[in-house]
Structure formats: C-alpha cells, structure tokens
1. Could you tell me how many of the residues in the stretch 401-442 are part of a loop (DSSP other than H, G, I, E, B) and either without any contact (Cβ under 8 Å) to a residue 24 or more places away in the chain or surrounded by 19 or more Cβ atoms within 10 Å (Cβ to Cβ) (or both)?
2. May I ask you to say which residue of GLN335, GLN306, GLN351, GLN344 is open to solvent by less than 10 Å² (accessible area, probe 1.4 Å) and over 27 Å from THR143 (Cβ atoms)?
3. Kindly indicate whether any position in the stretch 190-199 is closer than 25 Å to ASP256 by Cα, open to solvent by less than 30 Å² (accessible area, probe 1.4 Å) and among the hydrophobic types (A, V, I, L, M, F, W, C).
4. Could you please give the count of residues in the stretch 528-563 that are small (Gly, Ala, Ser) and open to solvent by 20 Å² or more (accessible area, probe 1.4 Å)?
5. Those residues that are modelled with pLDDT under 85, over 15 Å from ALA636 (Cα atoms) and open to solvent by 30 Å² or more (accessible area, probe 1.4 Å), I need them from the stretch 604-624; list them, please.
6. Go through the residues of the stretch 564-587 one by one and say whether even a single one is part of a loop (DSSP other than H, G, I, E, B), open to solvent by less than 70 Å² (accessible area, probe 1.4 Å) and modelled with pLDDT under 85.
7. Listed residues ALA628, ALA634; which is at pLDDT 85 or above and either open to solvent by less than 20 Å² (accessible area, probe 1.4 Å) or in a helix (DSSP H, G or I) (or both)?
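The values are calculated or read from the model by the stated rules, or taken from the named source; none is laboratory data. All values derive from a computational prediction rather than experimental measurement. We place every Cβ from the backbone using ideal geometry, glycine too, and count neighbours over all the protein chains shown. For the accessible areas, the whole protein counts, side chains as well, though only heavy atoms, and no ligand, DNA or RNA atoms are used. Shrake-Rupley method; radii C 1.70, N 1.55, O 1.52, S 1.80 Å.
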Amino acid sequence: MADPSSYRPEPGQIPDSPGVYKFRDEHRRVIYVGKAKSLRQRLASYFQDLAGLHPRTATMVTTAASVEWTVVSTEVEALQLEYSWIKEFDPRFNVKYRDDKSYPSLAVTLNEEYPRVQVMRGPKKKGVRYFGPYGHAWAIRETVDLMLRVFPVRTCSAGVFKRSAQIGRPCLLGYIGKCSAPCVGRVTPEEHRELAEDFCDFMAGRTGTYLSRLEKEMHAAAEDMEYEKAARLRDDIGALRRAMEKNAVVLADATDADLIAVAEDELEAAVQIFHVRGGRVRGQRGWVTDKVEAVDTAGLVEHALQQLYGEEKGEAVPKEVLVPALPEDTPVLSQWLADRRGSQVSLRIPQRGDKKALMETVHRNALQSLALHKTKRASDLTTRSRALEEIAEALDLDSAPLRIECFDISHLQGDDVVASMVVFEDGLARKGEYRRFQIKSFEGQDDVRSMHEVVSRRFRRYLQEKLKTGEWDPEDAEAVGEAPEDDGKPKRFAYPPQLVVVDGGQPQVAAAKRALEELGIDDVAVCGLAKRLEEVWLPGEDDPVVLPRTSEGLYLLQRVRDEAHRFAIQYQRNKRGKRLKSGPLDEVPGLGESRKQALVKHFGSVKKLRQATIDQICEVPGIGRKTAETVVAALARAVPAGPAVNTATGEIIEDETPAPAGASSERGTEQ
C-alpha cells in the first residue's frame, strides 16, 4: 500500500486550469481517470488526511503510485478526453456500466442502392437509420410484418437479392405483396428508396400526415367506385394503426426525449433509459454497475450520459434529456451533447405533468432491474462459490481457483493447427481476455507438442511482464526475452491463473506441466479434462479424479473446457476459410481488395481475366502498366482449377459466372 504523500506533486506544479488526470499504480497501469475545472483544486483534494476521504477514494489513492495530468482549453474538451481515456485504459476504479443485454434495433440501410429493413445489434454503422433499441427481436419483426403491407421495402439478404436478380424471379415476399421486388425491376431504385424513406418517416413518429393521406385516397377510391382499391387502403390503414398501438402515446406533445432513471444502494446502481420519439416509447435499455468510486446520483447520471452518447451523433442524440439529478457540470454536459447533436439539447429534471409521471415509471423499472440483478447475482454467486470450493477440494488446492485458464488445440487432419485460451474469473467467462494462437514451431499434427508450445508462450509472456515491473529477477532473464514497452493499458498476459485446465488426458497434462517447470513456475496447478468419461487428470497421477455427475465443480470445468473448444474451432474455421478463399491475385504485391474487385468486375471472372492482355488490363481504372504486368505474371504462375463437372450427367460446366465480391479465384483453390 502506497503512501499518497510519496507521489504528491510539489506546490505550484499543478496548473490552475481545466484538464484530465490519471492515477497509475506501481506497475504503471492506469487505475483512475478524472476531469476537473481546476486541476490544482481537484488534485489537492486527493492528498488530504486519509481519514477525511471516502473509503473508496482512500483505497484508490493508496493503490496508486503516481499521478499525471493533461491540460486542455475548455471543460468540454476535458469531458471528451476523459471519456476517451476511460474507453482506452479501462481503469479499475472508474464506474463502468455493464449493459445487461445486447439490445436489437430496427435498422434501414440507407447506405445501399436498395435499402433493406432488418434487425441489427452491436455498434452503429454510418449511413444506416436506426429505431429502438427494442426489448426483444420478435417485437421488431411483428412491427415490420405489419408495416411491409404498406411499405413493401426489401428485407432479404444480399445473397437472396442477387440470386433473385439472376433467375429473374422474386422471393415469396415479392409474390404476396410484402416486397416491391426491386431485384426483378418491378420498381426503380428511386421508387424503392422513396418507399424506404416513407418507412423511416413513419417510424420516426410522423404518422398523422401519412394516415390522413391514405384515408383521403380511400374515400376518393370509394367515390370513384374502385372498391377493391378502397378495401386495400382500408386494410393498410388498419395495419398501420395496429403497428402504432404497439407503442402507446406517453407524451401528447410529440416530444423527442430520452428519460434516464437511477436506482442505487451502497454497492451497486442500475440505470434505465426510455427512448421516446414522436411522443411514443420507441425503445428501452438498462445497465448495472458496481460503485467502485465515491459517486452520488448526479455522478452516475454523468457517467450514464457519457456511456449513452459518447459514440452517437446527429439525431441519435435527442432534443431533450430528462434526468433524476443534474450533474455538477450541467452547462458543460449540455454543450457537449449539443456539439454531438449539432443543435441545442435541453438537459433538465422534469418537475410536473406527463414527463414527471413517465420518469416515475422509468424509475420503477430501474428499481426492478436492480432487485432482479441482485437476486440473480446472489443465486449465481452461491453456486459459483460452491463449484470453486469443490474443484479446490478435489484437486487438493490451497484455495479456490478464482482465475482459471483453459487451453485447447484444434486442426483439420493436421492442417491449420491453432490453439485457444479462455479465461474464467470467479466462475464467469472473461471474454475480453480470451487469446488465440497459431502453432509456429513445427508442421503437422501433434496435440501434445502443440500444448507444450502454447502453454510455454503464454507463461513466457507472463514472466516478461514480471521482469518488466521488477517483480521477478531470474538468474537467466534471456530465457523469456524482453517485454514490450509499458503504455499503461491492460496487459494481455499480466495476471497468472491459479489453475490451468487442458482439453485432454495424461499426455496433454504432462506437456503443460513440463512447460511450466521449464520456466520455473511452480505455483500454478494443472489438470486435464478428458472428454470420454469426463475424468479429471492430474500431473504424475496414474488414476484420474472422478467428480460426481451432479457436482457443480465438474459442471464448471465442463463449461470452461467446452468454451475453449468452441473458441478454438471458431478460429480454426475462420483461418481455413481465409486460406481456401485465397487466389492468384492475392500474390500480387500492392494489389488491394478494391482493385482486385475492380479487375474481376471488369472482366466478369478470373478465367476471362487470365485470357486478357496487358493492354486490356491497363484499361481498368486504377491499374497501371507495371501492375498489369505483375497480374499477368501471377496468373501465369497459378495453375487454374480443373473444370467443374455435373455429377449427374458428366457434362463439363464452363465457368463464366462472375467471381464473388472479395474473392480472387474461380473456386476455393488451396494455394
């Protein structure tokens, strides 16, 4: 434990201006990031008597070993830099909201020639219009199914769209009137885009005008005795109204706003957000966090705003943000939000009326979310604790293995040999610390030798980190090599496990143990889990440890082993897929993906490109003579794949179809 006075800056060193500061521990890892209107005043508050500090703040300053700061021009810049550093360094003492699920959104891909309506998760993409997020994907699909009757926008994938265009026949949705079938030219690209934009306008809340127009068209059709058209318009109006009913009106003045509510106790906090667009609740999401720093409700709101809008721009930031408590730097946050939206944003506490009533509803959701989280966590924590205790008892460990790492080898008949490392801490998967390896020291299939190499590489990196920080001083440091420079970011292999699990039996366990002994590591336990009878093997033991089938410890080991196997298989398949997709154009130096696609598109296929002359290749935009000569040479060196044969008739099929986008060979020929 460090004494804060040992690294306290000298009087007069700290500037009296806005800025962002970082506390680092003895290993130079960033453990806390903060911003201040006055760096001098804020940092001075950390170096007072420890008895006067909040317990969490006292823990942070005694864990830290140094402090540094960066001066900025304005408080808005400080807010942005603080957010960037928290995302970059992931400090352990900063509040970090954990999204309790991946929320789906309704997306319209306006960046494509023929926009597509689909369900999307994950980070937002440029040129795509999003609505939501929604609680469940089925809620989106129900809404879309109702609206496609009126707005028959494309919903198919690129592959289905391309296939329908090739055969000149639309898919089922095109036949039943739920797609305008732009793939076969029933509508022009401009008409289809207009449909997509009408769809977006309706989803954005501009419903009244469109419904009025449909009603006028329905009455006009009835007066003209076009009863079939009038009936169809009547059904369209009914479908749109049913879609609207799924999002009840909560604010009568068609407000665009986000409402944020917080429920908290001494240790944890839950945040709930309602997204209201056009007076209707269009989406909902929630987060839960541990209160690792001394923070009040206003501070939690500030962190939530950074998390919610840090990556957003334009209309994704609403005109109004309603919160339960105003942060200390409300004007700064309002300016930051306005900069991200491009226009004024109101940040305030609702005082009366419908908005206050809706805020109470959001707060009840936050309370329920916190209670549910605590119930789940208590139950899971009990089960996980029992599982870890059973493992410690069965393997005769000194304490429960709070960090478990599992290794698995994967290959396909000796090709593309890879390995995976998955990490479980306190019985939970830490996917951010998963690692994957390519076997480098030999060719062919040898699981035991592969396991020895992977475990050696992982723990050699661990020793490099210890050597860098001075925690380890071996007689022969050259055996582990040098560690990369320390930049304060979380290290990949800095933390050792208490238990290493390998997927396999005695040979794999012996290889892993030998790798640890060669590096002089004797404080990490090793075991193997064999798939056949789910037996646990220990180094040097002739007989396995057999855990009861109902054992929570065995169930946890199985989860760890299965996750390592899944991760290894995924990497091996991806690696093999990339190799099979490679072709002769990949061997051309300096020929990027865009120019490869341009060549294939210009000539129609790699086969026709192979028959082209240098002068003909030079006609492709962006291809010079030197590049054309290199392309011709590469195609001449490559042996073309044999002709495709119809297995039913024995007929040789001429390959005249264009190569798929991104591929540069006629078929998946291995190089």
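1. 7
2. Unique residue meeting the criteria: GLN306.
3. Checked the stretch 190-199: at least one residue is closer than 25 Å to ASP256 by Cα, open to solvent by less than 30 Å² (accessible area, probe 1.4 Å) and among the hydrophobic types (A, V, I, L, M, F, W, C).
4. 1
5. Correct list: GLY622 only.
6. From the stretch 564-587, those part of a loop (DSSP other than H, G, I, E, B) are 582-583; that's our starting set.
From what is left, the residues that are open to solvent by less than 70 Å² (accessible area, probe 1.4 Å) are 582-583.
Right, trim to modelled with pLDDT under 85 and you get 582-583.
Among the residues of the stretch 564-587, at least one is part of a loop (DSSP other than H, G, I, E, B), open to solvent by less than 70 Å² (accessible area, probe 1.4 Å) and modelled with pLDDT under 85, which makes the answer yes.
7. Of ALA628, ALA634, the one residue that is at pLDDT 85 or above and either open to solvent by less than 20 Å² (accessible area, probe 1.4 Å) or in a helix (DSSP H, G or I) (or both) is ALA628.
One line per residue, one yes/no per condition, for (1) touching a strand residue (DSSP E or B) at 6+ places or on another chain (Cβ under 6 Å); (2) modelled with pLDDT under 85; (3) farther than 25 Å from GLN284 by Cβ:
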position	(1), (2), (3)
THR188	no, no, yes
PHE199	no, no, no
ALA239	no, yes, no
MET244	no, yes, no
VAL250	yes, yes, no
